[in-house]
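Only one structure is covered here, and it is reproduced in the block below.
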Amino acid sequence: MKRTLFLLFLAVSTLMMAQRVKVISGDYNFLKDQKFIKVVFKYDNMKFEKRT
């Protein structure tokens, strides 16, 4: 019983915390046949403040 309630809570909280994506231009039709997508985050020009 406790495990079932925990799994239900986990599923509901996951659905509520999911990110929403707003399409500004274009569409997602190029994704429909893809099984995997490689996402690369580039931080080439990132600067950090030096603390003293």
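Scanning the stretch 15-31 finds no residues that are at pLDDT 85 or above, open to solvent by 100 Å² or more (accessible area, probe 1.4 Å) and of a type in the set (D, E, K, R).
Taken over the stretch 1-14, the criterion of being assigned to a helix (DSSP H, G or I) and either modelled with pLDDT under 75 or not polar (S, T, N, Q) (or both) is satisfied by Lys2, Arg3, Leu5, Phe6, Leu7, Leu8, Phe9, Leu10, Ala11, Val12, Ser13, Thr14.
The values are calculated or read from the model by the stated rules, or taken from the named source; none is laboratory data. What you see is a predicted model, and the numbers here were worked out from it, not measured in a lab. Please note that ligands, DNA and RNA were not included when accessible areas were found on the heavy atoms of the full protein model with its side chains. Shrake-Rupley method; radii C 1.70, N 1.55, O 1.52, S 1.80 Å.
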